[in-house]
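Participant: Mind looking over this structure? Questions follow.
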Amino acid sequence: MTDIPQTGPLPDGQTGPRPGSLLVTDDRTKRRNRAEARFKAYGIAALAIGMAFLAALLWAILSNGLTAFTQTYVQLDVPLLEEKLDKDGDRDPAKLAKVSTFGYAPLIEQALVEQVEATGVETELAPKALSKVLSGSAAAQLRDRVLANPELIGQTVSVELLASSRVDGYLKGRVSRASLARDKNLDAEHLDLIDAWREAGIVEKRFNWSFITGADASDSRPEQAGIGVAMLGSLFMMLVVLVLSLPIGVAASIYLEEFAPKNRFTDLIEVNISNLAAVPSIVFGILGLAVFIQFMHLPQSAPLVGGLVLTLMTLPTIIISTRASLKAVPPSIRDAALGVGASKMQAVMHHVLPLAMPGILTGTILGLAQALGETAPLLLIGMVGYIATNYPEGVAEGFLSPNSAMPAQIYEWAKRADPAFYERAWGGIIVLLVFLLAMNLIAVLLRRRFERRW
């Protein structure tokens, strides 16, 4: 018997491969090849569909969110009249602070009228109506600058003031002239004025650093809203999660994998850990509300409480990934260490744990990345309803004072009525994705840094 194809005369006098030869593809092989080709085509189609959805998602995020990183500013020459701001002329900071934003609003209105006259634009808008092209925070911006430098009083200073959200939306294509027919804030005359000032270089749209470094704003001032304070709140929360979840999770994993006896009790613990990893995150929020706020009376909306809740949620993920990394270390490493006289603890700490460190760090960072994007637990402990308007003054206040977090801030912006907040919600998603990509990159670098071969 041989598998070598045989040639020669056939019963009907023909020559060529005999029936059943390897050179002849039978019907069963053809059906199998067609099935494999179809399966390969299904895989390519699934991959193409997944990439198409991913591309559509990225396009939606970038097209809607990149505009949040630009903002419209109006250049004005504002006369800081001494009789309005400092009647005594002594530049006393206490007296200057008593002048509210209502004292600065007429100065801005006067500057707007003078700017209209200087550019030669014909308009029937009254001074108060002209001020609608500016943000509601314009007077506060001017007041803060004067309080920081009282010597400006008596001079005419050039200031850059935020334009209103409607003006900003008009220059970004979010607001059209047709939509202003139902808008009580602006009308066509305002837009004519903005078009003329834009050609004159008085109105300018440029990169908005305050979106990254600023704080949240009220519903009436969406153009002033920023995500900087919420970013700091997320940072403090992640510090709490890292400090608590990494040592507790690794220690629990080492005990369960290397030292714990195999009995019903440890089996029960392992099953509960696996079940906790699948529990919805909002359940951990309810637990945090009941234990940390209502029972322990920790401050509501504080990053410390948010970090404790996210620690409970992240621990099962870290324990499972750490145990998998410890199992991946070959038993021969343990046997060799014990064979040369090392104790069980020395074998684990000096040999097994260093080899499992890449997987442990990767699992930890991925768990932190998952916690960074959680919103439901933060909703129940009050971090969604809090408006993060001020930076904490110290490290202790950063952990204990009320604050928000990036996913909570995005949720808060998305539910507000003004389209400018919706734009900022998309921009916040971009910032959050940058953080997540950075954390995944760190995981890859740490894995390569600590990876060892055996």
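Taken together, the values in this text are just the output of simple stated rules run on the coordinates, not laboratory data. Computed from a prediction, not measured in an experiment: that's the story for all the values here. Here the Cβ is made from the backbone with ideal geometry for all residues, glycine too, and neighbour counts use every protein chain on show.
Participant: Taking the mean number of other Cβ atoms within 10 Å as a proxy for protection, how do you rank 232-242, 252-262 from highest to lowest? Please report the intermediate quantities before stating the final value.
Facilitator: Numbers: 232-242: 22.5, 252-262: 15.5.
Packing proxy ranking, top to bottom: 232-242, 252-262.
Participant: If Lys and Arg each add +1 and Asp and Glu each add -1, what is the summed charge of the other residues whose beta carbon sits under 10 Å from the beta carbon of Arg198?
Facilitator: Result for the neighbourhood of Arg198: -2.
Participant: Based on DSSP H runs of at least 4 residues, each adding -39500 (n - 2.57), what is the mean residue ellipticity at 222 nm of the chain after dividing by all its residues, to the nearest 500 deg cm²/dmol?
Facilitator: -19000 deg cm²/dmol
Participant: So, by mean Cβ neighbours within 10 angstrom, what's the order for 93-104, 395-406, 52-63 with the highest one leading?
Facilitator: So the order, starting with the most tightly packed, is 395-406, 93-104, 52-63.
Participant: Normalised by the empirical 2.2 N^0.38 Å for globular proteins, what value does the Cα Rg of the chain take?
Facilitator: On the way: Rg = 33.1 Å, N = 454, 2.2 N^0.38 = 22.5 Å.
Dividing the Cα radius of gyration by 2.2 N^0.38 Å gives 1.47.
Participant: Next question. Tell me, what does the Kirkwood hydrodynamic radius of the stretch 228-450 come to in angstroms if you use every pair of distinct C-alpha atoms?
Facilitator: After inverting the pairwise mean of 1/r, the radius is 18.9 Å.
Participant: Between Val283 and Ala396, what is the label-to-label distance in nm when each label sits 7 Å out along the Cα-to-Cβ direction?
Facilitator: 3.8
Participant: Something else: Whole number please: convex hull volume per residue, Cα atoms of the stretch 54-136, in Å³.
Facilitator: Numbers: hull volume 13.1 nm³, N = 83.
Normalising the Cα hull of the stretch 54-136 by residue number yields 158 Å³.
Participant: What FRET efficiency comes out for the pair Asn272/Ser218, r = Cβ-Cβ distance, R0 = 51 Å, nearest 0.05? All intermediate terms of the calculation are to be shown ahead of the outcome.
Facilitator: On the way: r = 45 Å, r/R0 = 0.89.
With a Förster radius of 51 Å, E is 0.65.
Participant: Hey, fewest Cβ within 10 Å first, where do Glu204, Glu374, Glu36 land in order?
Facilitator: In order of increasing Cβ crowding within 10 Å: Glu36, Glu204, Glu374.
Participant: In nanometres, what is the gap between the two model label sites at Ser176 and Thr389, each 7 Å from Cα along Cα-to-Cβ?
Facilitator: A separation of 3.6 nm, rounded to one decimal place.
Participant: Please compute, for the alpha-carbon atoms of the stretch 356-454, the extent along each of the three principal axes and give them in descending order in Å.
Facilitator: Dimensions of the stretch 356-454 along the principal axes of its Cα atoms: 58, 32, 23 Å.
Participant: Next question, about the same structure. At 0.36 nm per residue, and after removing the present C-alpha to C-alpha distance, how many nm does the segment from Tyr42 to Leu66 gain when stretched out fully?
Facilitator: Additional length available on full extension: 5.1 nm.
Participant: Under a point spin-label approximation (7 Å from Cα along Cα-to-Cβ), what is the Leu338-Asn185 distance to one decimal in nm?
Facilitator: Label-label distance for Leu338 and Asn185, simple model: 7.1 nm.
Participant: Using 0.36 nm times the number of residues separating Glu114 and Ile248, minus their current alpha carbon distance, what extension gain do you get?
Facilitator: Between Glu114 and Ile248, full extension yields 41.6 nm more.
Participant: Beyond 18 Å, what share of the Cα-Cα pairs of the stretch 123-218 is found? Please give it as a whole percent.
Facilitator: Percent of Cα pairs beyond 18 Å in the stretch 123-218: 54.
Participant: Follow-up question, since we're still on this one. Taking the Cβ-Cβ separation of Leu436 and Val24 as r and a Förster radius of 51 Å, what is the calculated FRET efficiency to the nearest 0.05?
Facilitator: 0.35
Participant: Straight-line reach from Lys172: which lysines have a Cα under 23 Å away, not including same-chain ones fewer than 8 places off?
Facilitator: Cross-link targets: Lys132, Lys184, Lys205, Lys415.
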